[in-house]
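The block underneath contains the structure these notes are about, expressed in structure tokens.
The values are calculated or read from the model by the stated rules, or taken from the named source; none is laboratory data. From a predicted model like this one, the values you see are computed outputs, not experimental measurements. Cβ: placed from backbone, ideal geometry, glycine included. Neighbour counts: every protein chain shown.
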Amino acid sequence: MTQGAESTVVEDKGKLILLLGPSGSGKGSILRALREKHPEFVFPLSCTTRDPRPNERDGDVYNFVNKEEFKRKIEAGDFLEWAIVHGENYYGTLKKSIMIPLGEGKTVIREVDVQGLESIRELVPRSQLRSVFLTVDGWETLKARVLRRSELPDEEIARRHESFLKEMKWAEQCDMVIENKEGELDATISEVEEAIENMV
């Protein structure tokens, strides 16, 4: 399920780079590297209702909120896009966190679930929007990465597999597809940097 807010007009100044891909494809690692190397970029936070992982703190990458607060923000029209992921948790992008820096001519780097791509495309001019899809060489690689982060019950693994199959179909909708090969994270980061440089 994906929902967008009402139409938003942005002056043709800044650029929004969307980083997409299935869970475990390396989006978080690449974003951390880009934050360290490129303080000139803007990295908006996501709102989510999922529980923080052991190494996550509120306000670093996510604003962790409960479902009641998230739903209040939906009703207030605060989100540029929002979605329910894996049939359970809500994720969303606050309008002001992206639209303000875009209007200031800045480059905004944003991880977004594949479900949010269509909504953002309806609201942000294509001249300002580029998308990079991160992928891996197959489900077994992805499953191994996810299980290294935390143990998951069989039903959750099956749900992730189903999501993976659906998400991979979105690769062809993105401007660029980059494979994050096992053990070659630095090379993937360089490739993403090059893609961003060529887009802005």
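Worth a mention:
- Within segment 150-196, the residues that satisfy the criterion of being assigned to a helix (DSSP H, G or I), within 21 Å of L34 (Cα to Cα) and under 19 Å from the mean Cα position of the chain (by Cα) are L185, T188, I189, S190, E191, V192, E193, E194, A195, I196.
- In segment 151-178, of all residues being closer than 17 Å to R130 by Cα and of a type in the set (D, E, K, R), the one that is surrounded by the fewest Cβ atoms within 10 Å (Cβ to Cβ) corresponds to E172.
- Residues satisfying the stated conditions in segment 113-127, i.e. surrounded by fewer than 17 Cβ atoms within 10 Å (Cβ to Cβ) and of a type in the set (S, T, N, Q): S127
- The residue that is modelled with the highest pLDDT, counting only those in segment 1-24 that are closer than 18 Å to N89 by Cβ and assigned to a loop (DSSP other than H, G, I, E, B), is G21.
- Contacts under 9 angstrom Cβ, first residue in segment 180-200 being touching a residue at least 12 places away in the same chain (Cβ under 8 Å) and closer than 20 Å to Q128 by Cα, partner hydrophobic (A, V, I, L, M, F, W, C) and in a loop (DSSP other than H, G, I, E, B), 6 or more apart: I196/F41
- Here G103 passes the criteria (1) closer than 16 Å to F43 by Cβ; (2) at pLDDT 85 or above except the one numbered (1).
- Verdict on R110 being of a type outside the set (S, T, N, Q), under 13 Å from the mean Cα position of the chain (by Cα) and surrounded by 13 or more Cβ atoms within 10 Å (Cβ to Cβ): yes
- Residue in segment 106-126 that is on the phi > 0 side of the Ramachandran plot and out of contact with any Pro (no Cβ under 9 Å at 6 or more places or on another chain) present: no
- Residue in segment 145-155 that is at pLDDT below 85, farther than 14 Å from P22 by Cβ and among the polar types (S, T, N, Q) present: yes
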